[in-house]
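Below: the structure, in structure tokens.
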Amino acid sequence: MPLQFPATAADYRRLAQARLPGFLFDYIDGGATDEHTLAANVAHWAEVTVRQRVLVNVDQVDTSTQILGQTCSVPLALAPVGLAGMMARRGEVQAVRAAQAAGVPYTLSTVGICSVDEVAAAARTPFWFQLYMLRDRGIVRALLERAWAAGCRTLVFTVDLPLPGMRHRDTRNGMSSTGLRPTLLRAQQVLSHPGWLWDVAIRGKPHSFGSLSTQVPDAQDLNAFKDWVDAQFDPSVTWDDIAWLRGLWKGTLVLKGILDADDARTAVRVGADGIVVSNHGGRQLDGVASTVTKLPSIVQAVGAQTTVLVDGGVRSGVDVFRALALGARGVLIGRPWIWALAAEGEAGLKTLLERWQRELHLAMTLAGVTRIADINETHLDR
């Protein structure tokens with residue numbers, strides 16, 4: 001029997017899997033090679049136990065806080081997810097509306113289907129913009145200027161993608177292959193999902209990397225855009241390039257993909273306003289540590305000097321509480337929001353975010369703490 005009333009991120013995952021062609025579901029769901037790090041990201045949060053306290057006055061619990069100077073209803077932001085507009089019709093637009101209705105930041109990916117201008121037209125308040133360092137620095141400069149003109153004031157720069165990771169699911173389902181056989185395999189998957197075909201593939205056009213459309217004017221389809229972007233990833237990027245970027249961007253700069261305390265210290269030295277402890281959702285190198293296991297040492301190293309956020313494996317409002325207790329100022333979520341969007345669109349994402357706020361509220365209540373700023377390691381059972 002089809003699931004009619006999703007309650008958890010896992011429920012939305014199940015619905016997204018049913019709705020999307022297999023190669024698109026695997027793109028958002030899968031990880032690098034054997035996916036051990038992807039699994040560890042999720043499993044290791046569950047090993048962090050919350051300390052329950054009773055008979056404490058928790059009549060006035062407040063889940064709101066500030067992240068990088070922005071007031072949020074919960075200490076959470078939507079992480080950048082590429083191709084969101086292939087998972088739901090004009091998906092990035094639906095996502096920014098849902099995020100802002102819930103009172104949390106939304107981050108637009110460089111490789112989003114909707115352009116920064118289209119998202120800005122739908123947004124009521126400024127959103128965040130994510131950037132990769134491309135070989136053509138002129139294009140990087142143009143993207144920054146376009147994002148600034150659209151009202152973005154927080155730049156999330158991804159530092160852990162000098163090259164795309166190896167994702168075996170993309171090979172098996174034909175997404176990363178060219179030629180007749182992979183094309184026929186993808187076509188079969190599309191035709192077996194008529195709801196997605198009509199709503200997204202037909203009614204959701206154009207399908208291109210919107211913010212890059214002027215940079216790749218000759219691209220005829222999404223595969224051509226993807227090939228161009230993959231060739232633009234720059235493995236020669238160093239900390240000197242971050243200093244160059246810091247000089248260009250006058251707003252808030254966040255470095256996403258920090259997994260080592262020494263790198264965190266260097267990020268602070270080059271002027272980052274915040275960092276995201278991240279292994280790219282387990283999508284880059286299988287075998288690296290889960291983010292929750294690296295968070296405490298990074299907080300100890302730079303938590304007093306910069307804003308430390310974390311992503312990877314966060315699946316509930318209780319996980320948000322765990323991250324705060326370990327020293328993070330907030331979390332970014334990727335798969336949960338794109339699953340909800342793919343499953344039920346803007347309404348599904350709103351419901352997920354509302355439920356996570358209630359879960360965080362409940363966790364705070366039963367841990368005996370009423371303010372986000374007061375959550376710390378004493379609220380863990382160790």
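Just so it is clear, none of the values below were taken in a lab; they were calculated from the coordinates. The structure displayed is predicted, hence computed values, not measured ones. Neighbour counts are summed over all protein chains in view; Cβ atoms, including those assigned to glycine, are modelled from backbone coordinates with ideal geometry.
Exposure proxy for LEU15, LEU76: other Cβ atoms within 10 Å of each Cβ, ordered fewest to most, give LEU15, LEU76. With the convex hull drawn over the C-alpha atoms of segment 265-338, the volume per residue is 95 Å³. The charge dipole of segment 9-379, taken about its Cα centre with unit charges on the Cβ of Lys, Arg, Asp and Glu (plus for the first two, minus for the last two), comes to roughly 520 debye.
Against the chain, whose longest principal axis comes from its Cα atoms, helix 36-46 is set at around 30 degrees. Multiplying the residue separation of SER64 and GLN4 by 0.36 nm and removing their Cα-Cα distance gives an extension gain of 18.6 nm.
Relative to the longest principal axis of the Cα atoms of the chain, the long axis of helix 91-102 makes an angle of roughly 20 degrees. Exposure proxy for TYR12, TYR27: other Cβ atoms within 10 Å of each Cβ, ordered fewest to most, give TYR27, TYR12.
The separation of segment 316-348 from segment 1-69, counted between C-alpha centres, amounts to 6 Å. If R0 is 41 Å, the Cβ-Cβ spacing of ALA187 and THR293 corresponds to a FRET efficiency of close to 0.45. Exposure proxy for PHE127, PHE225: other Cβ atoms within 10 Å of each Cβ, ordered fewest to most, give PHE225, PHE127. Couplings for segment 304-320, taken from phi via the Karplus curve 6.51 cos²θ - 1.76 cosθ + 1.60 with θ = phi - 60°, read 7, 10, 8, 7, 9, 10, 9, 9, x, x, 6, 10, 6, x, 5, 4, 4 Hz in order; Gly and Pro are left as x. The alpha carbons of segment 82-159 occupy a box of 35, 25, 21 Å along the principal axes, longest dimension given first. Cα centroids of segment 110-130 and segment 150-181: 19 Å apart. Using a cutoff of 8 angstrom between alpha carbon atoms and counting only pairs six or more residues apart, the relative contact order for the chain works out to 29 percent. For the chain, DSSP calls about 15 percent of its internal beta bridges antiparallel. Cα-based Rg of the chain per 2.2 N^0.38 Å, rounded to two decimals? Rg over 2.2 N^0.38 Å, computed on Cα atoms: 0.95. If only the Cβ of Lys and Arg carry +1 and only the Cβ of Asp and Glu carry -1, the dipole of segment 324-380 around its Cα centre is close to 40 debye.
Helix 239-248 against the longest principal axis of the chain: what's the angle in degrees, Cα atoms only, rounded to the nearest 10? Orientation of helix 239-248: about 90 degrees from the principal axis. Under a Gaussian network description of the chain, with springs only between Cα atoms under 10 Å, the residue in TRP239, TRP45, TRP128 that fluctuates furthest is TRP239.
For segment 228-381, the Cα-based Rg and Dmax, in that order, read 17.0, 52 Å.
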